[in-house]
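**Student:** My questions all concern the structure below.
The values are calculated or read from the model by the stated rules, or taken from the named source; none is laboratory data. From a predicted model like this one, the values you see are computed outputs, not experimental measurements. Here the Cβ is made from the backbone with ideal geometry for all residues, glycine too, and neighbour counts use every protein chain on show. Ligands, DNA and RNA are excluded from the accessible area calculation, which covers all protein heavy atoms including side chains. Shrake-Rupley method; radii C 1.70, N 1.55, O 1.52, S 1.80 Å.
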Amino acid sequence: MVHLNRIILAVTLTLFTVVSLKAQVPKGGKEISTNLFGLFFEDINYAADGGLYAELVQNRSFEYNPTEQSDWNPFSFWEYISPGFSYGRISVETKAPVHANNPHYMVLEVEHVGHEAKFSGISGVGIKNSGFDGIVVRNGEQYNFSMFAQQLSENPMELLVSLEDAKGEVLASKTIKTNSGDWKKYTAVLNAEASCDSAFLVVLARSNGALAMDMISLFPDKTFKNRANGMRADLAQVLADMKPKFVRFPGGCLVHGDGLGNMYRWKNTIGPLEQRIEQRNIWGYHQSAGLGYFEYFQFCEDIGAKPVPIVPAAVSCQNSGGTWRIGGTGQKALPENEMDEYIQEVLDLIEWANGSVTSVWGGKRAAAGHPEPFNLEYVGIGNEDKITPEFEERFNLIYKAVKEKYPEINVIGTVGPFLEGEDFEKGWEIADQLKLEMVDEHYYTQPEWFLGNQQRYDSYKRNATKVYLGEYASWGNKMWNAIAEAAYMTALERNGDVVAMASYAPLLAKQNFTQWTTDMIFFNNTNICLTPNYHVQKMFMSNQGDFYFDNVVEVAQNDTTLAASCVYDSQSGDIILKMVNAGNSAKTMKINLARFKNMIPKAKLTLLKADPEAENALENPESVVPELSDFTVQKKFDYKVPTMSFSLIRIKAN
Ligand code: AHR
């Protein structure tokens, strides 16, 4: 009886909450997507290895090779050392690796350990890694070292693991003794007693004998949310600060790859690190797969964003084999007799993400430490693919299989790399035929285009396939670009009933390792530069609504330098006004808030304003930053939008 009463009470409360929440939404609003703005993550510009992924050792598994860069080999970024007149030899072997997926490892033979090494006074035979452009070490911080080793000689080997600066001064060190003739993982915590921006990791054998080594790894103890195998904390934090509704990964062109053998296959990226399959990155470097599907999903969860994985549509990039930007000849399709297996791989992804712990793939997720499902809602099939008959046939097969087994999953189709043209048209035709939930539009173009095309989605069919604007940016990272994007984003909000999701691209770019010049965040090993575009994205992302209101902000018609939107967040009851002026004089906008009954006049104004040519740089990251101030609103008021600015007023409800 008590139980029944509780149920009745719970049902009544739920009904009351639903009714009262609905009642709070002022009349006249249009429901818009609750997931409008999110992040696009691709491992381009060293965004993953050397970037967001916090591993400090480069080429930890000796898998670098000349197909990635002509002067790379399994020993790249390592150096052989023999301080104190020691001698021995090293070789890269493949005979008995720690795992077949990870074929190369290093064999170190020590014949003689000398004496009197410079500075440290330590002698031995070993190897030294220069990290990704140096290893950043901070005094007082902990660094977690690990490696797989196999004693090849009878006697245990003493290994000195240290962090050293360029002169060989020791910043931290620990000794490890091997004790197994089988591959075994050894770990050590290094406590730094000095700081250095470009240190080396040194592993020095101090006993005669031989051993095999692989997966030599070093992570800062302080990763984002203290995750093992985690993310670089400062970079992850600026992403979390944006409050994205979703994260799309792992690309971009990285998804469909440079030829069939280079497609991103999610199963290669899960499980123990030493068993993952590494590969050449389509952008001309190496993917360790240390940041794999488990890490992507966990990161999404950590920042409260929905995961949006994109899988290949069983075809490779049409620019495969060096036909980049020439177009159309390089697409390769998986042979028909491999399609069943490939389709199963896509279905297994959904089971891995959402299946129960007793399912095969859900069990693997649980074994990795996440018994709860990841609540996957979206899967993208294909990225910017050329819409050929081979593509269409494979897309159809994958789509049908997913929908049959998982009708609740929203499938995102693809409509080519441009805002119009043949692939765009054909991609949309497929979407219409199949009644896809969403398609992925991409465009990179001039800022003037973004200002002049704010009406693009006004004429899209309202009850058809929705748009995921999965990649867009104006060419450049100046204030002028950011303002043009802000104007366009108000139009995305206005069309938030058609545009379900949007993500600026690319996200991250490492200084001196950049393949794509316009990016949202630039970084090096120590600093981060948030572009004006980042600030615009963050202002939109952290101020999303679920209802759009017309006629709240009056904007002069036919003036494409002006744009505005008003959204309402039914969770908080907040009203959010966004006003953009890309012109060269201040302009007044008339605001009418009469329909909102319970607002508190004391509001907050965030203003991003700068010269059109202004930009941020790693050396000067704060020349364009938003300013927050108090602002009092009235039922009706005029707001003078400064020239070249984006104003955001957030009004709280009573
Ligand atoms: O965002 C950079 C690249 O641009 C993506 O990899 C690709 O999808 C697009 O052409």
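**Student:** Mind checking which residues of region 34-82 are away from the ligand (no atom under 16 Å from the Cβ), part of a loop (DSSP other than H, G, I, E, B) and of a type in the set (Val, Ile, Thr)?
**Tutor:** Answer for region 34-82, where residues must be away from the ligand (no atom under 16 Å from the Cβ), part of a loop (DSSP other than H, G, I, E, B) and of a type in the set (Val, Ile, Thr): 34, 57, 67.
**Student:** To continue, here is another question. Quick one: in region 60-92, of everything that is open to solvent by 60 Å² or more (accessible area, probe 1.4 Å) and under 29 Å from the mean Cα position of the chain (by Cα), which residue is modelled with the lowest pLDDT?
**Tutor:** Only one residue tops the list, namely 67.
Table: residues versus (1) assigned by TED's automatic domain parsing to the domain that holds residue 214; (2) in a helix (DSSP H, G or I); (3) open to solvent by less than 20 Å² (accessible area, probe 1.4 Å); (4) touching a Phe, Trp or Tyr at 6+ places or on another chain (Cβ under 8 Å).
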site	(1), (2), (3), (4)
258	no, no, no, no
261	no, yes, no, no
268	no, yes, no, no
299	no, yes, yes, yes
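**Student:** Would you please name the residue that is surrounded by the most Cβ atoms within 10 Å (Cβ to Cβ), looking only at residues in region 270-297 that are assigned to a loop (DSSP other than H, G, I, E, B) and either within 16 Å of the ligand (Cβ to nearest atom) or not assigned by TED's automatic domain parsing to the domain that holds residue 385 (or both)?
**Tutor:** Across region 270-297, the extreme among qualifying residues is 282.
**Student:** Has region 123-135 got any residue that is part of a loop (DSSP other than H, G, I, E, B) and under 16 Å from residue 74 (Cα atoms)?
**Tutor:** yes
**Student:** Do we have any residue at all in region 536-558 that's over 32 Å from the mean Cα position of the chain (by Cα), among the aliphatic types (A, V, I, L, M) and open to solvent by less than 30 Å² (accessible area, probe 1.4 Å)?
**Tutor:** yes
**Student:** Another one. What is the number of the single condition among (1) modelled with pLDDT under 95; (2) basic (Lys, Arg); (3) closer than 20 Å to residue 184 by Cβ that residue 95 does not meet?
**Tutor:** Answer for residue 95: the failing condition is (1).
**Student:** Quick one: residue 365 ticks every box in (1) open to solvent by less than 20 Å² (accessible area, probe 1.4 Å); (2) basic (Lys, Arg); (3) within 16 Å of the ligand (Cβ to nearest atom) except a single one, so which number is it?
**Tutor:** (3)
**Student:** Also, I was wondering about something else. I need every pair where a residue in region 514-535 that is not assigned by TED's automatic domain parsing to the domain that holds residue 647 and outside any loop (DSSP other than H, G, I, E, B) has its Cβ under 6 Å from the Cβ of a residue that is open to solvent by 10 Å² or more (accessible area, probe 1.4 Å) and within 16 Å of the ligand (Cβ to nearest atom), sequence separation at least 6 or different chains.
**Tutor:** From region 514-535, the pairs are 529/522; 533/477.
**Student:** Which of the residues belonging to region 448-471 are surrounded by fewer than 16 Cβ atoms within 10 Å (Cβ to Cβ) and of a type in the set (D, E, K, R)?
**Tutor:** 448, 458, 461, 462
**Student:** Would you mind stating whether residue 149 is closer than 30 Å to residue 233 by Cβ, small (Gly, Ala, Ser), touching a residue at least 24 places away in the same chain (Cβ under 8 Å) and open to solvent by 30 Å² or more (accessible area, probe 1.4 Å)?
**Tutor:** Taking the combined requirement at face value, the residue does not satisfy it.
**Student:** Check region 421-435 and report whether any residue there is of a type outside the set (Ser, Thr, Tyr), within 25 Å of the chain's Cα centre (by Cα) and within 13 Å of the ligand (Cβ to nearest atom).
**Tutor:** No, that holds for no residue.
**Student:** Residue check, residue 489 against (1) touching a Lys or Arg at 6+ places or on another chain (Cβ under 7 Å); (2) open to solvent by less than 10 Å² (accessible area, probe 1.4 Å); (3) away from the ligand (no atom under 15 Å from the Cβ); (4) within 24 Å of residue 32 (Cα to Cα), all met but one. Which one?
**Tutor:** Failing condition for residue 489: (1).
**Student:** Of all residues in region 34-59, which are under 23 Å from residue 466 (Cβ atoms) and surrounded by fewer than 24 Cβ atoms within 10 Å (Cβ to Cβ)?
**Tutor:** 34, 35
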